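Everything below concerns the one structure shown next.
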Amino acid sequence: MSDRFEKGAALIRRLFKRDISNSGLPPDILRHTVEHVFGDVWQGTALAVEERSMITCAVLVALGREHEQRVHFRGARNLGIPREKIEAIIHHVLHYAGWPTGISAARVLAEVWAEMDKEEGK
């Protein structure tokens, strides 16, 4: 395993509280995702990991990528980013990306938060 892969895998565990082995991705796509996206892009020093998480959430909201929103909203919460901050991101983005896009993201966020509350026994 490369150093980039190890760094990426460690960040994935921190963000998503899971091991990469059960991702369901084909091996080459998984390796590229872990090494490049999480082992390189997310490792830069110009932005904190929390800032990268919020930017990623904003982009996924703007693009209407609900599946990936579920993953990254979890990651944001695991980093300690409060729900109110993610709601503010959604509110801001919906003015640029469209009201239905924002409303869908708000619903996804509510579902993710309820699931995580239940998992944590809240």
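Read the figures in this text as sums done on the coordinates, not as results from a lab. Just so we're clear, the structure is a prediction, and the values are computed from it rather than from any experiment. FYI the Cβ positions are ideal-geometry reconstructions off the backbone, even for glycines, and counts take in every protein chain you see.
Report ³J(HN,Hα) in whole Hz for each residue of the range 113-120, in order, from the Karplus equation J = 6.51 cos²θ - 1.76 cosθ + 1.60 where θ = phi - 60°; Gly and Pro get x.
These are the phi-based 3J(HN,Hα) values: 4, 5, 4, 5, 4, 5, 4, 8 Hz.
Apply the Karplus parameterisation 6.51 cos²θ - 1.76 cosθ + 1.60, with θ equal to phi minus 60°, to every residue of the range 77-82 and state each ³J(HN,Hα) to the nearest whole Hz, in sequence, with x for glycine and proline.
For the range 77-82, the Karplus curve yields 5, 4, 7, x, 6, x Hz.
Sequence-distant or interchain residues sharing an amide H contact under 5 Å with Gly98, placed H: which?
Those lying under 5 Å, H to H, from Gly98: there are none.
Compute the FRET efficiency between Glu84 and Lys17 as 1/(1 + (r/R0)^6), taking r as their Cβ-Cβ distance and R0 = 22 Å, and round to the nearest 0.05.
Step by step, r from the Cβ atoms, then E = 0.55.
Give me a comma-separated list of calculated 3J(HN,Hα) values for the range 11-26, in order, Karplus coefficients 6.51, -1.76, 1.60 applied at θ = phi - 60°, integers in Hz, x for any Gly or Pro.
So the Karplus estimates, Gly and Pro as x, are 5, 4, 4, 5, 6, 10, 6, 8, 7, 6, 5, 9, 6, x, 7, x Hz.
For the range 53-122, run through the GluC sites (Glu not before Pro) and keep only the ones in DSSP coil with at most 14 other Cβ atoms within 10 Å of their Cβ.
Counting only loop positions with at most 14 other Cβ atoms within 10 Å, the GluC sites (Glu not before Pro) in the range 53-122 are Glu120.
Using a basic spin-label model with each label point 7 Å from the Cα along Cα→Cβ, how many nm lie between Glu111 and Gln43?
A separation of 3.4 nm, rounded to one decimal place.
Neighbour counts of other C-beta atoms within 10 Å: give me Ser21, Ser104, Ser2, Ser53 arranged from fewest to most.
Neighbour counts put them in this order, fewest first: Ser21, Ser2, Ser104, Ser53.
Under the rule of at least 5 residues apart or a separate chain, name every residue whose amide H is placed under 5 Å from the amide H of Gly39.
Gly8
What nm distance separates the two modelled labels at Glu120 and His91, each placed 7 Å from Cα along Cα→Cβ?
With each label point 7 Å from Cα toward Cβ, the separation is 2.1 nm.
Using +1 at the Cβ of each Lys and Arg and -1 at the Cβ of each Asp and Glu in the range 1-114, identify which of His36, Leu11, Ala114 lies farthest towards the dipole's positive end.
Farthest along the dipole direction, towards plus: Ala114.
If you place +1 on the Cβ of every Lys and Arg and -1 on the Cβ of every Asp and Glu, how big does the dipole about the Cα centre of the chain come out, in debye to the nearest 20?
Result for the chain is approximately 140 debye, rounded to the nearest 20.
Distance between the C-alpha centers of the range 42-60 and the range 88-113? Whole Å please.
The two parts, judged by their Cα centres, are 18 Å apart.
Using a Förster distance of 22 angstrom, determine the FRET efficiency expected from the C-beta separation of Met1 and Glu66, and round it to 0.05.
My answer for the efficiency is 0.10.
Give the relative contact order (percent, whole number) for the chain; include only Cα pairs under 8 Å separated by 6+ residues.
That works out to 25 percent.
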